[in-house]
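K.L.:
Quick one: the structure is below, and I'll ask about it shortly.
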Amino acid sequence: MSLRMIAGLLFGLLAAPLPAAWQNVGAVRELHRDGDAATLILHSGAAMSFAFVSPDVVRVRLAPDGRFGRDFSYALSAPAPRTALQVDERGDAVELRSAGAQGARVVVRRQPALSFEVLDANGRPVLASDPQRPPAFDRDTGAVEFTGLRDAFDLYYGFGEQALPTARDHQTITLWNTDAYGYGRGATALYQSIPFFHGSRGGLSWGAFFDNTWRSHFDMGASDPERWRWQANGGELDLYVFTGGAGRSPRRVLGDYTALTGRTPLPPLWALGYQQSRWSYKPQARVVELAREFRERKIPLDVLYLDIDYMDGYRVFTWSPTDFPEPGTMIADLHGAGVRLVEIVDPGIKADPGYAVYDSGRQAGVYVRDAQGAELRAQVWPGETAFPDFTDPQARAWWGGQMAKPVRDDIDGIWNDMNEPGVFVPDGAPGPRTPQNPRKTFPLDARHAGDGIPGDHARYHNVYGMQMARATFEGLRRQRPDRRPLVLTRAGYAGVQRYSAVWTGDNSTSWEHLQISIPMLTGLSISGVPFVGADVGGFSGSPSAELFTRWLQAAALTPFLRGHSAWNTPPREPWVFGAEHERINRAAIELRYRLLPYLYALFHEAEASGAPPMRPLWFDYPRDDKAATVDDEFLVGDALLVAPVVTEGAVKRDVQFPAGADWIDWYDGTRHAGGTQASVAAPLDRLPLFLRAGASVPTQPVVQHTGEMANVPLTVVVALGAAGRSTIYQDAGDGYAYRDGGSRTVTVEQNASGVTFSIPPNHGWQKIGFVEFLGLDAAPKSVRIDGKRVHDAPFDAAARRLRVTLPDEHVGTVTLTR
Ligand code: MIG
């Protein structure tokens, strides 16, 4: 026996018995059928219930004290539905399934303590509780625990924003929203808490969502490779298992998870443009000057941001009378230049009698109270502040009402910061002055309304931020019903995607941070939060010209593209690193604008299906072992593979091509077979980018902002080599007419010799003007449009691209004879 095995055995023996106050659920004493749920009364006095949300989605609840709380969740977009239940008792086991449906099954064993297994529609295993470590709880502290069995090669993905590799096997993850300034590689407990993960075994996917808002912890095989474990500091176990139907794809699992927790509504088109931010943009003349400079330098820009500097003494919903004396003029100037303006709004309201916002909140009774019932106070930017209780529907309505001010000012979007919540550690307080200091947030015994389930901060901490984003979103929706709100939040919990985009907080200027930004963003994406971005260049510190340029390039096709930096750093606009870098930085932003029609359509797809615009390779290629753990490449939709340079000094890099498709180099048309690896050229001015053979994407000429798009024609770029079908979604770019038929979807069918378009009538959408075939080795012998030979089809041999001008939108088939 090796030392390691002995150590393992000893560890196993030590780990097995539960610590004193822990108790497991025990054997099943009674089985009740109440309506659509099966409830099991256990020897410990606890109760567990099993129900089916749909034939392939199982819900399991455990109430340690035997009484289930009101069925309410901040994560869900609507109460979870239930299908009729079929219960079969087979000796010691009880089998549950959705009545009359071919779907998942749950097999519950009654002895010696309850254990259960979830099987998919084909009887394949999905999730099994550990019979040796049954679900357990600690009645003294309120903690709950669930242990699942794992196989040696099981992989996990998800848990939202973690500074950890994409594949989460053998990781430990803590979910506790933290103002994590200074975080680095390996950090968990960041700004977002999303207790949802995908499991993958042999390429078959499933998902689990532990809808519990307390501080929680996941051990995905780190301390024992044969088990994964979830623990929370309080509340119920409320577990949804997504069995993935017959196909067991990540897309299906995420589709089912987001059917439950909601999807990101289509953002306004302008929010997908380039956004420029910096802590310190003031005074108002400087802001207008910035917009002018972007236009003059021909660097596309859609949005500028105002950080906390715009306010009067950091009082939210005010303007500094000295730095922003005439915000109306400034905003009109910006709008005239096609630039939108987003302002930051923090939750802390200066406790300053006479300040109208504070007084109004006090009168409406919206503030969080401490354990003694007094208005909770803490120090943040304005000094002594009070905080709306966003878990109180009345406080949310009051906050939404405050949006009248920015709406009147014609502000275009709202940025919610510090909503973990994060406050300043008081001078002289014990403990380190780090994000982990317990005084960095509210005391755990502060009181919250909890939408009718009053509770303490320990229970509601993790939802504070998402409820703030919700109140902001709902207020904007109400006050400006014909425009799609843009809300950006730092903190969130499962379901935050219904209200807001998310950025990854205070990263730093290092190659390491550029590297971790990719799995951080894909982690959010596959956890239901698709509209995500990292501060380009890193928030704190000062990037080299090379790092900034590589970062902008790597971020160019990420969903939310914003440059941002701290006030005490050197300037960071795309032109500050000299002419050569300015040229390359401009080209990176231009690449995004060329592909904006495609990116926009992906957001529509995300709203319709839950599939995110930015994806780890695993999401589309779950059966490709080599793709499973790739952290430095990502997919944009199912058509584009992006392999940015994220190491210093590199001018080439190895690219892993996902198996199952060929990939065509965007720049020179080289074909790479799926499943292979190749070293590709990546000089400083190139973002390695590949189009999947069989796919086509809409592109457009460079514009300076999205307001210029309506009049430029689209070019559909087609990668031949496989049969395929792509769609191009178009609508007005803002407003809600798209929900009532105000949109069109163009279809592009591909085969080996060309494409066939199906183009619905054009009610003012961008015209389809050109088609480009990428990856041709030589000019074709002839090009025909609906059988008629065309001569206007130049071939660029170096790029292996053929460009065909379409006469108008009444085209069907474009055929190449080779
Ligand atoms: O204590 O508003 O993450 O983006 O620039 C710092 C100032 C508060 C933190 C945000 C950052 C923002 C900064 N804020």
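K.L.:
Which order do peptides 339-347, 807-815, 662-670 fall in by mean Cβ count within 10 Å, highest first?
P.N.:
Working: 339-347: 23.6, 807-815: 14.6, 662-670: 21.2.
The packing order, highest mean first, is 339-347, 662-670, 807-815.
K.L.:
So, by mean Cβ neighbours within 10 angstrom, what's the order for 770-779, 492-501 with the highest one leading? Working shown, then result.
P.N.:
Values: 770-779: 18.8, 492-501: 27.4.
Ranking, from highest mean packing down: 492-501, 770-779.
K.L.:
Chymotrypsin sites (Phe, Trp or Tyr not before Pro), restricted to the stretch 117-169: which are DSSP loop and have at most 12 other Cβ atoms within 10 Å? Mind showing how you got there, number by number?
P.N.:
Values: sites: Phe137, Phe146, Phe153, Tyr156, Tyr157, Phe159; in loops: Phe153, Phe159.
Of the chymotrypsin sites (Phe, Trp or Tyr not before Pro), the ones in loops of the stretch 117-169 whose Cβ has at most 12 other Cβ atoms within 10 Å are Phe153.
K.L.:
Whole percent per 10 Å bin, from 0 to the bin with the longest distance: what is P(r) over all C-alpha pairs of the stretch 512-648?
P.N.:
Reading the bins upward from 0: 12, 42, 33, 12, 1.
K.L.:
Within the stretch 563-639, which chymotrypsin sites (Phe, Trp or Tyr not before Pro) sit in a loop by DSSP and count at most 10 neighbouring Cβ atoms inside 10 Å? Don't skip to the answer; put the middle values down first.
P.N.:
Details: sites: Trp567, Trp575, Phe577, Tyr593, Tyr598, Tyr600, Phe603, Trp618, Phe619, Phe634; in loops: Trp567, Trp575, Phe577.
Those that pass, being in a loop and sparsely packed, number zero.
K.L.:
Here is a further query. Return the ratio Rg/(2.2 N^0.38 Å) for the stretch 23-67, where Rg is computed over Cα atoms only. Mind showing how you got there, number by number?
P.N.:
Numbers: Rg = 10.8 Å, N = 45, 2.2 N^0.38 = 9.3 Å.
Relative to the rule-of-thumb radius for its length, the stretch 23-67 sits at 1.15.
K.L.:
Now for a different question. Just want to confirm a number: the relative contact order over the stretch 630-676, from Cα pairs under 8 angstrom separated by 6+ residues, in percent.
P.N.:
This gives 25 percent for the stretch 630-676.
K.L.:
Let me ask you something else. Of Thr715, Thr434, Val680, which is farthest towards the positive pole of the chain's charge dipole, taken about the Cα centre with +1 and -1 on the beta-carbons of Lys, Arg and Asp, Glu respectively?
P.N.:
Projecting each Cα onto the dipole axis, the largest value belongs to Thr715.
K.L.:
Another question, if that's okay. Find the centroid of the Cα atoms in the stretch 411-426 and in the stretch 447-512, then give the distance between the two in whole Å.
P.N.:
So the two Cα centres are separated by 10 Å.
K.L.:
If Rh is defined by the Kirkwood formula over all Cα pairs and Rg also comes from Cα, what ratio Rg/Rh do you get for the stretch 286-333?
P.N.:
With Rg and the Kirkwood Rh in hand, the quotient comes to 1.03.
K.L.:
Would you please state the base-10 log of I(q)/I(0) at q = 0.11, 0.12 1/Å for the stretch 249-339, with intensities from the Debye formula using one equal scatterer on every alpha carbon?
P.N.:
-0.46, -0.52
K.L.:
Among DSSP beta bridges whose residues both lie in the chain, state the antiparallel percentage, nearest 5.
P.N.:
Working: 142 of 171 bridges.
Bridges in the chain that DSSP calls antiparallel: roughly 85 percent.
K.L.:
Counting only C-alpha contacts under 8 Å and six or more residues apart, can you give the relative contact order of the chain as a whole percent? It would help to have the intermediate numbers written out before the result.
P.N.:
Numbers: 2070 pairs, mean separation 78.8, N = 818.
Over the chain, the number comes to 10 percent.
K.L.:
At q = 0.19, 0.21, 0.23 Å⁻¹, what log₁₀ I(q)/I(0) does the stretch 349-444 have when each alpha carbon counts as one equal point scatterer in the Debye sum?
P.N.:
The Cα Debye sum returns log10 ratios of -1.01, -1.18, -1.33.
K.L.:
Sort all Cα-Cα distances of the stretch 183-267 into consecutive 10 angstrom bins from zero, then give the percent of pairs in each bin up to the one containing the longest distance.
P.N.:
For the stretch 183-267, the pair-distance distribution reads 15, 39, 38, 8, 0.
K.L.:
A further question on this structure: Can you give the charge dipole size of the stretch 367-488 about its Cα centre, rounded to the nearest 20 debye, using +1 on the beta carbon of Lys and Arg and -1 on the beta carbon of Asp and Glu? List each step's numbers first, then the result.
P.N.:
Working: 16 positive and 16 negative charges, 52 e Å.
I would put it at about 240 debye.
K.L.:
Please compute the net charge surrounding Thr391, taking Lys and Arg as +1 and Asp and Glu as -1 over other residues with Cβ under 13 Å from its Cβ.
P.N.:
Numbers: positive: Arg369, Arg396, Arg447, Arg459, Arg470; negative: Asp389, Asp392, Asp451, Asp456.
Taking every Cβ under 13 Å from that of Thr391, the sum is +1.
K.L.:
About the Cα centre of the stretch 249-298, what is the dipole size in debye to 20, counting +1 per Lys and Arg Cβ and -1 per Asp and Glu Cβ, all else neutral?
P.N.:
Working: 10 positive and 4 negative charges, 25 e Å.
In total the dipole reaches around 120 debye.
K.L.:
How big is Rg to Rh over the stretch 665-818, alpha-carbon atoms, Rh as the Kirkwood inverse-mean-distance radius?
P.N.:
Details: Rg = 16.4 Å, Rh = 16.7 Å.
Radius of gyration over Kirkwood radius for the stretch 665-818 works out to 0.98.
K.L.:
Okay, moving on. If you put +1 on each Lys and Arg Cβ and -1 on each Asp and Glu Cβ, how big is the dipole of the chain around its Cα centre, in Debye rounded to 20?
P.N.:
Numbers: 83 positive and 93 negative charges, 251 e Å.
My answer is approximately 1200 debye.
K.L.:
Out of every Cα pair in the stretch 728-818, what percent are spaced more than 16 Å from each other? Before the final figure, lay out each step's value.
P.N.:
Numbers: 2361 of 4095 pairs.
Considering the stretch 728-818, 58 percent of its Cα-Cα pairs are separated by more than 16 Å.
K.L.:
Right, another one. From the C-alpha gyration tensor of the chain, pull out the three semi-axes of the equivalent ellipsoid (sqrt of 5λ each), sorted largest to smallest, in whole Å. Walk me through the numbers before you get to the answer.
P.N.:
Details: eigenvalues 369, 255, 120 Å².
In descending order the semi-axes read 43, 36, 24 Å.
K.L.:
Given the peptides 188-197, 639-648, arrange them by the average over their residues of other C-beta atoms within 10 Å, most packed first. Don't jump to the answer; show the numbers that get you there.
P.N.:
Working: 188-197: 26.4, 639-648: 20.8.
Put in order of decreasing packing, that is 188-197, 639-648.
K.L.:
If you don't mind, there's one more thing I want to ask. Can you work out D for the stretch 644-711 in µm² s⁻¹ from Stokes-Einstein, where Rh is the Kirkwood radius over C-alpha pairs, the temperature is 4 °C and the viscosity is 1.567 mPa s?
P.N.:
Approximately 94 µm²/s, per Stokes-Einstein.
Read-outs throughout are calculated quantities, based only on the coordinates presented, and are distinct from any laboratory measurement. Quantities reported herein were computed from a predicted structural model and do not represent experimental measurements. Positions of Cβ are generated from backbone atoms using ideal geometry, with glycine treated the same way; all protein chains shown enter the neighbour counts.
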